[in-house]
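These notes are about the structure you will find just below.
The values are calculated or read from the model by the stated rules, or taken from the named source; none is laboratory data. Worth saying up front: this structure is predicted, and the values here are computed from it rather than measured. Here the Cβ positions follow ideal geometry from the backbone for every residue, glycine too, while neighbour counts run over all protein chains shown. Accessible surface areas use protein heavy atoms only, side chains included; no ligands, DNA or RNA. Shrake-Rupley method; radii C 1.70, N 1.55, O 1.52, S 1.80 Å.
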Amino acid sequence: MCTHTMPGLRDSEIQRFRDDGFLFPVDVLTEVEAAELLDDVHSHIRDSRAEGELAASLMYGPKIHLVRRWADRLTRHPRLLAVAGSLLGPDVMVWGTNLFLKEPNGQSDLAWHQDALSYDLTGTQERAFRVWLALTPTGPENGTLRFAAGTHRLGVLQHRRSAQLSDRQRGDEVCLDLDGYATHDVVLRPGQCSLHNMLIVHGSGFNRTRQTRISVAIDYIATSVRPAGHRPDSALLVSGRDEHRNFEPETSLAELPAGRAGEEFERAVAMRFDRVSSAMRAQQKAGLIVPDPQR
Ligand SMILES: O=C(O)CCC(=O)C(=O)O
């Protein structure tokens, strides 16, 4: 990967991101670099399955950067840091890293939803975003990500939760009539990414091709973002300084003494799951998650 200084976003791109709540395509890697990263992802999947049930269950996230060097390096890719700097300013942390695989002939689409419902972070409207980096081509034919423009301005919306397991795989579904909003399918070549606000209503369709669709997501937050509620959470500083100390600091894999990585990873994942499940219970109590009467 390139290490020289890279440009951030243009003013017009920043404005589009602010207006729509998302932006694409954003060039990050060459197709050759994306193919190399895809090899790393395939090895990660193989190794995680071989390491056992726990590693396999955590291979999709939320903290891949704490177990795999390719993911750790990717979070500090100069182009991504420049993009993060354009949107968040100089002090930036990585809150999560996730892998999205959409299998061919998959049985389910992903319901329209907002990430902010479960993340429960304060300050994400202006000071956080997700990178969704394509490692295979993405388009409507393979169930790409899709956004409902402008919905990031609606605040956290009520979602309905189905009791049926088959429907639960689609995830919670936002209670919003999307007729009044323009929806956009994210079309990317490998190495390009989309950026989205954590409040944007989004989902993804069915993969009707014969190939798995693969992308990596990185959540960048400004250091001034805070976990809502009283439970702790952790994040990795990737640029500037953390004067707020709202998150427990994570140590980059590159700086951890050999043998400590597993400990750091398990601690961070346990904290995250504890906080997200507590946030989900609070959202239920507040009436933001309701049973789906149809299912
Ligand atoms: O890749 C997908 O199908 C969904 C990804 C998603 O919902 C997200 O990155 O927030």
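Mind checking whether some residue in segment 121-139 is without any contact (Cβ under 8 Å) to a residue 12 or more places away in the chain and more than 11 Å from the ligand (Cβ to nearest atom)?
yes
I'm trying to understand the selection: among the residues of segment 264-295, which are part of a helix (DSSP H, G or I), in contact with a helix residue (DSSP H, G or I) (Cβ under 7 Å, 6 or more places away or on another chain) and either open to solvent by less than 30 Å² (accessible area, probe 1.4 Å) or not β-branched (Val, Ile, Thr) (or both)?
Listed by number, the residues that qualify are Glu264, Phe265, Ala268, Ala279, Met280, Gln283.
Among (1) surrounded by fewer than 22 Cβ atoms within 10 Å (Cβ to Cβ); (2) closer than 27 Å to Val67 by Cα; (3) within 11 Å of the ligand (Cβ to nearest atom), which single condition is Lys102 missing?
Exception for Lys102: condition (1).
Being hydrophobic (A, V, I, L, M, F, W, C) and closer than 17 Å to Ile214 by Cβ is true for just one of Ala71, Ala82. Which residue is that?
Going through Ala71, Ala82 in turn, the sole match is Ala71.
Is it the case that some residue within segment 65-79 is aromatic (Phe, Trp, Tyr), open to solvent by less than 40 Å² (accessible area, probe 1.4 Å) and within 13 Å of the ligand (Cβ to nearest atom)?
So far as segment 65-79 goes, no, none of its residues is aromatic (Phe, Trp, Tyr), open to solvent by less than 40 Å² (accessible area, probe 1.4 Å) and within 13 Å of the ligand (Cβ to nearest atom).
List pairs: first residue in segment 82-97 and closer than 17 Å to Leu253 by Cα, second residue open to solvent by less than 10 Å² (accessible area, probe 1.4 Å) and of a type in the set (S, T, N, Q) anywhere in the structure, Cβ distance under 9 angstrom, at least six positions apart or on different chains.
Going by the 9 Å Cβ cut-off, the qualifying pairs are Met93/Thr223; Val94/Thr75; Trp95/Ser234; Thr97/Thr75.
Please enumerate the residues belonging to segment 241-255 that are open to solvent by 20 Å² or more (accessible area, probe 1.4 Å) and in a helix (DSSP H, G or I).
Hits for segment 241-255 are Ala254, Glu255.
Somewhere in segment 256-263, is a residue under 19 Å from Met198 (Cβ atoms) and surrounded by 17 or more Cβ atoms within 10 Å (Cβ to Cβ)?
For segment 256-263, residues under 19 Å from Met198 (Cβ atoms) and surrounded by 17 or more Cβ atoms within 10 Å (Cβ to Cβ): absent.
Taking Leu154 and the conditions (1) closer than 30 Å to Val83 by Cα; (2) in contact with a strand residue (DSSP E or B) (Cβ under 7 Å, 6 or more places away or on another chain); (3) open to solvent by 30 Å² or more (accessible area, probe 1.4 Å); (4) aliphatic (A, V, I, L, M), which numbered condition does it fall short on, given that it satisfies the others?
Going through the list (1) closer than 30 Å to Val83 by Cα; (2) in contact with a strand residue (DSSP E or B) (Cβ under 7 Å, 6 or more places away or on another chain); (3) open to solvent by 30 Å² or more (accessible area, probe 1.4 Å); (4) aliphatic (A, V, I, L, M), Leu154 breaks only (2).
Determine the pairs where a residue that is in contact (Cβ under 8 Å) with a residue 24 or more places away in the chain, located within segment 48-62, has a partner that is exposed (fewer than 15 other Cβ atoms within 10 Å of the Cβ) with Cβ atoms under 8 Å apart, the partner being 6 or more residues away or on another chain.
Correct list of pairs: Met59/Arg49.
Residue under question is Val238, and the condition is that it be surrounded by 23 or more Cβ atoms within 10 Å (Cβ to Cβ) and among the aliphatic types (A, V, I, L, M); does it hold?
no
Is it the case that segment 202-215 has a residue that's at positive phi and open to solvent by less than 70 Å² (accessible area, probe 1.4 Å)?
no
Need the failing condition index for Ser224 against (1) within 29 Å of Ser252 (Cβ to Cβ); (2) of a type in the set (Gly, Ala, Ser); (3) open to solvent by 40 Å² or more (accessible area, probe 1.4 Å), just the number.
Exception for Ser224: condition (3).
What's the total number of residues in segment 200-240 that are β-branched (Val, Ile, Thr), in a strand (DSSP E or B) and over 14 Å from the mean Cα position of the chain (by Cα)?
1
Do the conditions hold for Asp233, that is, is it under 30 Å from Arg146 (Cα atoms), acidic (Asp, Glu) and away from the ligand (no atom under 16 Å from the Cβ)?
yes
Residues in segment 180-188: is at least one open to solvent by 40 Å² or more (accessible area, probe 1.4 Å), within 16 Å of the ligand (Cβ to nearest atom) and touching a helix residue (DSSP H, G or I) at 6+ places or on another chain (Cβ under 9 Å)?
Yes, some residue in segment 180-188 is open to solvent by 40 Å² or more (accessible area, probe 1.4 Å), within 16 Å of the ligand (Cβ to nearest atom) and touching a helix residue (DSSP H, G or I) at 6+ places or on another chain (Cβ under 9 Å).
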